[in-house]
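What follows is a short report on a single structure.
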Amino acid sequence: MNFLDHVRKVDDLTGGHNKALVTKCGGLGEVIKILRDQRVVQLKDPWVLLFEEDGQRINSSYRNTCKPDHAHYLIQPKLDYGERYECFMHAGFGEPGISAYGFESWAEALSAKLMASDPLANLSRGVCLPIILPQLPAVFNYGELLKEKFQKAVKTVLFKKFPDRKYVERHKDESCGKVRVVHESHERLIARLKKGPEVALYFPNPLQGFSVLASREQMKDLPKELYLTGGIDTYTAMAMYADVLARDFYTPGLDMAAISYHSSEGSSHSTARGRYSAGLLFLG
């Protein structure tokens, strides 16, 4: 085997890091020139790959994690922005403040920006659901708003989409006042939504197998464009994509890791479950 035959084996590698390196160097031909000292390499600021080729978060030794249970999975739908816009309207969220065309244009711009980000581009290889996030009141109680507006919207959609299923509400009235925002990215999201509606790319399961605590911990290594999901965004996504997120028993459970329903956090927050995942939002 000669030198060139050996180097061409790079094309057969499946490791994302090696392929990314070849691409960033300008292709296989440029790599060969570099190895032959026919090309000088000038290094730029380094970046770290943050997501695997399937869109899953790279586990850099975060505690309280386990392997994803791939028996529970999501299916990427063919995106029809007009259809999803109608889902938002029929859920009872009110006037979104943007048109269906505006929704599509905004989401496509976000997608292009995400794909242009070397550390984050692989995230888009996972299930990606563009959503509209409605404007929030200047002052509100999170738990009460969640129950009276967002949970009602999901109930409306689920009863219509799956009339034979039973909707079980795990958090009762007495827990509404105890809902707390426990992650700063969600606080930033709320601040943005008080100023007006937003469009976001919602990734439901890039953290599948991460416990709630691990989901919060890994955010420290992610850029500010990514937000850990709480209740407002998760319920909105469920209302717009009930067919995807509540398809059947084998869809992953959705952790709302940016909020807490309790005054203190118990062991359940540190328990990693392979069929559960917190979500991430990309707002650019």
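The values are calculated or read from the model by the stated rules, or taken from the named source; none is laboratory data. Predicted model only: the values in this text are computed from it and were never measured. Don't worry about glycine lacking a Cβ; one is built from the backbone with ideal geometry, like all the others, and counts go over all protein chains shown.
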Original post:
Somewhere in the stretch 196-219, is a residue in a helix (DSSP H, G or I), among the hydroxyl-bearing types (Ser, Thr, Tyr), at pLDDT below 95 and more than 26 Å from TRP106 (Cα to Cα)?
Top reply: no
Original post:
How many of the residues making up the stretch 220-230 are in a loop (DSSP other than H, G, I, E, B) and closer than 24 Å to HIS72 by Cα?
Top reply: 2
**OP:** Kindly indicate whether PHE51 is among the aromatic types (Phe, Trp, Tyr) and assigned by TED's automatic domain parsing to the domain that holds ASP233.
**Re:** no
Subject >> Pairs with Cβ under 9 Å, 6+ apart, first in the stretch 66-89 and under 16 Å from CYS128 (Cα atoms) and among the polar types (S, T, N, Q), second part of a loop (DSSP other than H, G, I, E, B) and at pLDDT 95 or above >> reply: GLN76/GLY126; GLN76/VAL127; GLN76/CYS128
Original post:
When both residues are 6+ apart or on different chains and their Cβ atoms are under 7 Å apart, which pairs have a first residue that lies in the stretch 180-209 and is assigned by TED's automatic domain parsing to the domain that holds GLY230, and a second that is of a type in the set (Lys, Arg) and in a helix (DSSP H, G or I)?
Top reply: HIS183/ARG216; GLU198/ARG192
**OP:** Please work out which one of (1) farther than 30 Å from SER270 by Cα; (2) out of contact with any helix residue (DSSP H, G or I) (no Cβ under 6 Å at 6 or more places or on another chain); (3) at pLDDT 75 or above is the condition LEU50 fails and give its number.
**Re:** (1)
Original post:
Does ILE131 count as assigned by TED's automatic domain parsing to the domain that holds MET240, touching a helix residue (DSSP H, G or I) at 6+ places or on another chain (Cβ under 6 Å), at pLDDT 95 or above and surrounded by 14 or more Cβ atoms within 10 Å (Cβ to Cβ)?
Top reply: yes
Original post:
What do you reckon, is VAL168 of a type outside the set (Phe, Trp, Tyr), at pLDDT below 95 and crowded, with 22+ Cβ neighbours inside 10 Å?
Top reply: no
